[in-house]
Structures are given as C-alpha cells and as structure tokens.
C-alpha cells in the first residue's frame, strides 16, 4: 500500500526535485543573454585561425616556409607557393586551413617564425558542411568565416 501511495503522489519525483533545489538554489542561476551580450572568452583561448597582414604594404606576413604545416599533428594546413624569378624568394599562392579536424593546439602558431598565423578568440565556427570548415587564403587574411546559413 505504501508503494502505491508513493507512486500516486509522485514521491520519488519530489524527492529528486528537492535534491536539485537544495544543491542549486534558483536565485543563484545566471542566464547568459547570447547573442545579444557576447560572453567573455579566456585570454588564452585559441579559436578561428587568421593570417596576419603587414600594415605597411598590405601583404600577408607569411613567407611560405611551410613550418606551420610541418608542426601540425593533423596535417590540415596546406601551403602553396611559387618562387619569384626576380627576387628568388618564395611567394605564397594558396593557403588552406581545415578547421573541421583542428584541435586548436596552437603548434602551428608557435612554429611560425614571422607570426603570420594566429589563432584568434573567435569561437563562432559553425557550418552545415565540412566544406564550410575549410578556410582559404582570402578568408584567413580578411578574417571572414563561413556562415552556417545558406541564403
């Protein structure tokens, strides 16, 4: 009879709710108002990649040394370059960064001798396809990230 009354009056449910309310009082609950108010991101957070631009001439700082691609444990960075016949130096032609497999470990950023590659604090990297997670040179230089919405 006791078990029947516990089932009818939902005693187990109320005991569980009491445990929850005792552990987390409703007056202490804080709701973030995202996207109206952006959350604070930790100072050392590593998010979306960016290729830095030289402010003097507007060109990328990347010297196409390929050290970032060699340092990447996931082999997701592809650096394309051509040798300039006049200056005999490498010139960056293509740069792709696949964030769908990226661990955001920062090894590529640490390996860059000229600080051309940087992991920013941008955390909004959602997209509906894997192709949307592959950033090309233009996207990395301009800080444009693919939007998940297709119009």
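Rule-based calculations on the coordinates, nothing more; no lab input. Remember, it's a predicted structure, so these values are computed and weren't measured experimentally. Ideal geometry is used to build each Cβ from the backbone, glycine not excepted, and the neighbour counts take in all protein chains shown.
Using per-residue counts of other Cβ atoms within 10 Å, averaged over each peptide, order 41-48, 21-28, 119-126, 80-87 from highest down.
Numbers: 41-48: 12.5, 21-28: 7.6, 119-126: 14.1, 80-87: 10.1.
Those peptides, ordered most packed to least, come out 119-126, 41-48, 80-87, 21-28.
Using Cα pairs closer than 8 Å and at least 6 residues apart in sequence, work out the relative contact order for segment 5-151, in percent.
Values: 191 pairs, mean separation 36.5, N = 147.
With pairs under 8 Å counted, the relative contact order is 25 percent.
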Can you work out the PRE-style zone for residue 86? Point 7 Å along Cα to Cβ, and I want the residues of segment 43-75 with backbone N under 18 Å. 57-60
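Students often check this: by mean Cβ neighbours within 10 Å, which of 13-19, 92-98 ranks highest, and how do the rest follow?
Details: 13-19: 10.3, 92-98: 18.0.
My ranking of the peptides, most packed first, is 92-98, 13-19.
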Hey, rough spin-label estimate for residue 18 and residue 100, points 7 angstrom out along Cα→Cβ, what's it come to in nanometres? 5.2
Inter-part gap, Cα centre of segment 42-94 to Cα centre of segment 119-144, in whole angstrom, is 15
How far apart, in nm, are two points set 7 Å out from the Cα along the Cα-to-Cβ line at residue 1 and at residue 136? 7.9
